[in-house]
1. Just checking: which of the helices (runs of 4 or more DSSP H) contained wholly in segment 84-193 hold 1 or more residues that are within 23 Å of the chain's Cα centre (by Cα) and either outside the structural domain of GLY63 (by TED's automatic domain parsing) or without any contact (Cβ under 8 Å) to a residue 12 or more places away in the chain (or both)?
2. If we scan segment 214-232, do we find a residue that is crowded, with 20+ Cβ neighbours inside 10 Å and closer than 29 Å to LEU290 by Cβ?
3. Restricting segment 428-463 to residues that are out of contact with any Lys or Arg (no Cβ under 8 Å at 6 or more places or on another chain) and acidic (Asp, Glu), which is farthest from GLY342 (Cα to Cα)?
4. If I filter segment 414-452 down to residues being free of Cβ contacts under 8 Å to residues at least 40 places away in the same chain and among the polar types (S, T, N, Q), which single residue comes out as farthest from VAL366 (Cα to Cα)?
5. Restricting to segment 386-417, and then to whatever is among the β-branched types (Val, Ile, Thr) and at pLDDT below 90, can you tell me which residue is nearest to ILE330 (Cα to Cα)?
6. Kindly check whether there is at least one residue in segment 260-271 that is touching a residue at least 40 places away in the same chain (Cβ under 8 Å) and closer than 28 Å to SER142 by Cβ.
Amino acid sequence: MTTRTATSVATFRKEIFLLVARALGDADARTPTGRYVALATRLARSDEAWLTRMVGWMGRHPGLRGLRLATLAELAQARLEAGATGTRQLLDQCLHRADEPGELLAYWLHWYGRALPQPVKRGIADAAVRLYDERALATYDSPGAPLRFADVLALTHPVPQGAAQADVFRHAVARRRGDLNDLPASLPLLRARRALYWIPASRRPALLERPHAGRTLAGAAMTWATVQRWLLGTMTGPAWAAVAPSMPYQDRLAHLADFDRDGMPDETAHQLAEDLASPAWVLRSGVTPLEVLAALRSVPGSRWSLSLGLAMDLSLANVPALPGRTLVLIDRGDLMAGPAYGGLTRADGAAILGAALAVRASRAQVVVLGTPATTVPVRPGEPLTDVIDRFGDVGGTTSPAQAIRDHAAGHDRVVVLTHPDQAAEAAEAVTGPGQEHVITDVTSGWFTAIPHIEMARTGDWPF
């Protein structure tokens, strides 16, 4: 590889990984753009091994699925053009969830047409055999999918492994035609779900009063969203009590107000509250202080408050510990009073994101932008609520750009949390060396995005 080619490859690596890293925090960046596809195509042809490793790493982050599948398709196309072997195995290994064979196939058909090369057809078929069972059929084969399970089967012709999977495949085709009645005994989960839907709507709430309602629903792969549709949109306390134990941690946080409004029994709520404050649950879920604060604000002064306070401190373990010297500028001006993430205002989101980064950082200076800009002391490891209480009320018109010019010297990075109207001017004000992060729409994904954006700029890959 010549020096010029190596330089180009290094530049392309940094650019594509920067797009991927930003997508961790910005949901609007998760759809493949023309530039992203062009970069993936170039690297697939010139640096396949590196791009393959990146695809594997992307599989750890569910929000990157769209970008990951687009990259995988471009890798497969480049391998076909080069006459390389192993494309079938690559596709099979990199498809992780039962909706992904259909999503990848839909992408391929859109960009490359209906003539499927054999390695692509076989790789997707292998993944379908590995991923398609009756639980997957109940969970992912929805009318809104880019391609239904039956479409994938028709286009790739996988060979089922055993009689039970053959029945899954046959029923997938029948579902596609609208025939939901012929269910063999080998599909007990789907039969259990059909039995639930045969119950008249007026009698369904009574079923949830039974002692083993949760087990019945779980046996039919009924998630809380499915149960809500089954109840024609009206959840009850017993309904939440039946489904809450199987809900992911973040879903529980998001629905605490619904639990209270609909009358979840205290016994169930007590167990859920213990789970919310469990260090193991908090660490395993990856929940962040932003999500916990949104939950706290949704149920102020409630039976959940003590557990959420503990969860807030525990969730700091899921925030990156940024090295070096970090300047955090938190805009609390008039523009930040509007609504944003999860019922929080823009000012709320900026406050919790900025405070959490500062408390975890090696060395941090926090400047709150109101009237006037004020430096707020932060001690590593202190409770987040203590830090936020020092920020004062929302209001004022301090310029983030001016604050950058006043305070950025001597820092290794600048994190600016501000309104979209202020973003361009703030970005232009960062002229010194280092890392700058101008964030306007706060999400929990930014905790992961910030260190990875810095990796993109330095070429220090996480894979």
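1. Working: elements: 87-94, 100-112, 118-131, 134-140, 149-156, 163-176.
Fully inside segment 84-193 and qualifying: 87-94.
2. Within segment 214-232, one or more residues are crowded, with 20+ Cβ neighbours inside 10 Å and closer than 29 Å to LEU290 by Cβ.
3. So, considering only residues that are out of contact with any Lys or Arg (no Cβ under 8 Å at 6 or more places or on another chain) and acidic (Asp, Glu), the one farthest from GLY342 (Cα to Cα) is ASP460.
4. THR431
5. Across segment 386-417, the extreme among qualifying residues is THR398.
6. Taking segment 260-271 first, the residues touching a residue at least 40 places away in the same chain (Cβ under 8 Å) are 260.
Next cut, closer than 28 Å to SER142 by Cβ only: none.
No, segment 260-271 contains no residue that is touching a residue at least 40 places away in the same chain (Cβ under 8 Å) and closer than 28 Å to SER142 by Cβ.
Per-residue answers, yes or no, for (1) in contact with a Ser or Thr (Cβ under 8 Å, 6 or more places away or on another chain); (2) surrounded by 19 or more Cβ atoms within 10 Å (Cβ to Cβ); (3) of a type in the set (Val, Ile, Thr); (4) modelled with pLDDT of 95 or more:
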| residue | (1), (2), (3), (4) |
| --- | --- |
| PRO143 | no, no, no, no |
| PHE149 | no, yes, no, yes |
| GLY162 | no, no, no, yes |
| LEU187 | no, yes, no, yes |
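To keep it simple, each residue is scored yes or no on (1) over 20 Å from GLY459 (Cβ atoms); (2) over 14 Å from the mean Cα position of the chain (by Cα).
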{"position": "PHE12", "(1), (2)": "no, yes"}
{"position": "LEU19", "(1), (2)": "no, yes"}
{"position": "PRO62", "(1), (2)": "yes, no"}
{"position": "ARG68", "(1), (2)": "yes, no"}
{"position": "GLU74", "(1), (2)": "yes, yes"}
{"position": "GLU81", "(1), (2)": "yes, yes"}
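The values are calculated or read from the model by the stated rules, or taken from the named source; none is laboratory data. Bear in mind the structure is a predicted one, so any value in this text is a computation, not a measurement. Don't worry about glycine lacking a Cβ; one is built from the backbone with ideal geometry, like all the others, and counts go over all protein chains shown.
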